[in-house]
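Here's the structure we're looking at; comments come further down.
The values are calculated or read from the model by the stated rules, or taken from the named source; none is laboratory data. Computed from a prediction, not measured in an experiment: that's the story for all the values here. Cβ placement follows ideal geometry from the backbone for every residue including glycine, while neighbour counts extend to all protein chains displayed. Heavy atoms of the whole protein, side chains included, go into the accessibility calculation; ligands, DNA and RNA do not. Shrake-Rupley method; radii C 1.70, N 1.55, O 1.52, S 1.80 Å.
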Amino acid sequence: MVDKPLFTPGPLTTSRTVKAAMSRDLGSRDTEFIRVIRDLRNSLLQLAGVSQADGWEAVLMQGSGTFSIESVISSITPPDGKWLVIINGAYGERILKIIERHGIAAEAIRSAENKLPDLAAIEGALGGGGFTHVAVVHCETTSGIMNPIAKIGALAKEHGCVYFVDSMSAFGGLEFDFAGSQLDCLVSSANKCVQGVPGFGFAICRRELLEATEGHARTISLDLTAQWRGLEGNGQFRFTPPTHTLLAFAQALRELDEEGGIAARAARYRANHDACVAGMRTMGFTEFVPENLQGHIITSFLYPTDDFDFDEFYNRLNEKGFVIYPGKVTKANCFRIGHIGHLFPADTDALLTAIRAVAGEMNLSLSPKPA
Ligand SMILES: Cc1ncc(COP(=O)(O)O)c(C=O)c1O
């Protein structure tokens with residue numbers, strides 16, 4: 001059976017060998033499985049360009065990526081903590097919602113979904129004092145905009161705040177200076193740019209942060225420090241681990257390495273993105289995010305006409321064997337095309353051919369632009 005390629009933000013198309021790695025049943029206390037977990041945690045640190053010797057830890061947490069974000073927030077915030085959340089999309093809003101649900105103090109600085117955060121406003125807010133933590137989303141998958149995490153990190157550190165980055169859709173698929181971004185904690189998940197399958201997320205954080213926050217956790221199952229102590233102690237998860245997902249992830253990490261690491265993967269994703277945007281523009285589609293702010297992870301395209309029927313467009317593409325994604329921005333009608341996962345420029349070319357055919361079938365009145 002051949003699955004349709006997923007031009008989505010995740011779960012993503014994975015390689016046959018990643019899927020095949022799951023066809024084993026390992027016990028959660030099996031020494032082989034414990035070795036897999038240990039190696040995997042080390043590989044994640046290596047990917048980030050840090051190490052345990054430098055004071056960094058990789059903590060794996062069951063669930064989707066949001067569970068890891070909630071684990072971090074609800075575990076590392078002391079009772080008198082206060083977050084500044086930088087928001088330009090739905091995932092920034094979600095961070096704020098999690099903080100507020102735990103009864104933790106927070107304020108937000110919002111900018112439009114196709115604009116960068118206002119650094120002067122952030123500086124002003126931090127200067128007002130009282131903030132202990134700053135959070136921002138790396139690639140805001142809502143639109144595909146890439147946020148300036150190093151610049152925000154510098155401001156957070158100037159004001160003595162713990163700095164948290166949701167790099168769910170970017171980590172592993174984008175080169176960036178981890179140490180230079182001054183972050184204290186980053187979260188991503190198994191089924192994004194490392195190209196594993198869903199089932200767990202991970203936090204890469206400073207050990208001193210985990211130690212300093214001992215006892216602050218507001219939940220049992222999402223207690224980040226307890227999870228870390230468990231993984232460090234007997235090498236095991238505290239509760240049933242997603243064994244098959246972890247085996248797939250170990251294979252996905254090997255394949256990332258074989259591809260040439262993050263630089264090579266980012267180059268492939270960029271090639272997917274460039275081919276997609278060039279082809280879509282030629283057909284007459286327009287991106288929502290200005291070109292200089294757009295990342296190569298996912299692109300939002302504006303509906304070409306006011307009466308554009310996205311469901312019909314989606315279904316017709318689906319019938320031709322391609323899966324794209326609805327929009328998520330609030331202020332404009334968009335749909336999204338993802339560039340990540342086990343996809344190559346030839347897949348993007350095939351998608352463009354299908355889009356061209358569907359546009360013809362639907363008699364879309366597009367205004368093609370020269371390439
Ligand atoms: C930036 C970002 N944050 C958080 C999430 C939520 O991850 P999950 O759906 O795995 O909980 C996503 C999912 O696409 C995302 O792109």
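Heavy atoms only, 1.4 Å probe, whole protein assembly: order Arg207, Arg41, Arg110 by accessible area, highest first.
Arg110, Arg207, Arg41
Tell me the carbon and sulfur percent of the accessible area for region 150-231, rounded to whole percent, probe radius 1.4 Å.
50 percent
Give the dimensionless ratio obtained when the Cα radius of gyration of region 223-322 is divided by 2.2 N^0.38 Å.
Dividing the Cα Rg of region 223-322 by 2.2 N^0.38 Å gives 1.63.
With all protein chains present, how much of the accessible area of region 261-361 (probe radius 1.4 Å) comes from carbon and sulfur, to the nearest whole percent?
Whole-percent figure for carbon plus sulfur exposure: 50.
Find the cysteines in the chain that fail to meet the 4.7 Å Cβ criterion with every other cysteine, and list them.
Cys139, Cys161, Cys193, Cys276, Cys334
Relative contact order (percent) for the chain, with alpha-carbon contacts under 8 angstrom and 6 or more residues of separation?
Dividing the mean separation by the residue count of the chain yields 24 percent.
Which one, Pro9, Ala278, Thr243, projects farthest toward the positive side of the charge dipole computed for the chain from Cβ point charges (K/R +1, D/E -1)?
With unit charges placed on the Cβ atoms, the residue in question is Thr243.
So how strong a dipole does region 17-258 carry about its Cα centre when Lys and Arg Cβ are +1 and Asp and Glu Cβ are -1, to the nearest 20 debye?
Dipole about the Cα centre, nearest 20: 460 debye.
Beta carbons within 10 angstrom, averaged per residue: use that to sort the peptides 20-30, 116-126, highest first.
116-126, 20-30
Which value, in Å², gives the accessible area per residue of region 131-286 when a 1.4 Å probe is used on the protein heavy atoms? Display every interim value, and only then the final one.
On the way: 4860 Å² over 156 residues.
Value returned for region 131-286: 31 Å² of accessible area per residue.
Sort Asp54, Asp184 from largest to smallest accessible area, using a 1.4 Å probe on the heavy atoms of the protein chains.
Largest to smallest exposure gives the sequence Asp54, Asp184.
Lysines within cross-link reach of Lys157: Cα-Cα under 22 Å, excluding same-chain residues under 8 positions apart?
The reachable lysines, counting only those whose Cα sits under 22 Å from Lys157, are Lys82.
Taking a ≥ b ≥ c as the square roots of the Cα gyration tensor eigenvalues, with a/c under 1.5 meaning rounded and otherwise prolate when a/b beats b/c, else oblate, which class fits region 27-103?
Prolate, because a/c is 1.5 or more and a/b exceeds b/c.
In deg cm²/dmol and to the nearest 500, what is the mean residue ellipticity at 222 nm of the chain if only DSSP H runs of at least 4 residues count, each as -39500 (n - 2.57), divided by the residue total?
Numbers: 12 runs with 149 residues, N = 371.
Helices in the chain give a 222 nm mean residue ellipticity of -12500 deg cm²/dmol.
Cut-off 10 angstrom, C-alpha nodes, Gaussian network model of the chain. Which of Lys331, Lys157, Lys97 fluctuates the most?
The residue with the greatest mean-square fluctuation here is Lys331.
Need the list of lysines near Lys328 for cross-linking: C-alpha distance under 23 angstrom, and skip anything on the same chain fewer than eight residues off.
In chain and number order, the partners are Lys4, Lys97, Lys115, Lys192.
Got a sec to turn the phi values of region 208-217 into Karplus ³J(HN,Hα) couplings, 6.51 cos²θ - 1.76 cosθ + 1.60 with θ = phi - 60°, whole Hz, x for Gly and Pro?
5, 5, 5, 5, 6, 9, 3, x, 8, 4
Quick check on the chain: what are the equivalent-ellipsoid semi-axes from the Cα gyration tensor, as sqrt(5λ), descending, whole Å?
Output for the chain: semi-axes of 35, 27, 16 Å.
Count the DSSP beta bridges whose two residues both fall in the chain, then state the antiparallel fraction as a percent rounded to the nearest 5. Intermediate results must be reported in sequence, preceding the final value.
Working: 23 of 41 bridges.
If we restrict to bridges inside the chain, about 55 percent are antiparallel.
Mind putting a number on the dipole of region 261-361 about its Cα centre? Charges go on the C-beta only, +1 for Lys and Arg and -1 for Asp and Glu, and I need it in Debye to the nearest 20. Kindly include the intermediate steps, with their values, before the conclusion.
Working: 10 positive and 12 negative charges, 98 e Å.
Taking the Cα centre of region 261-361 as origin, the dipole is about 460 debye.
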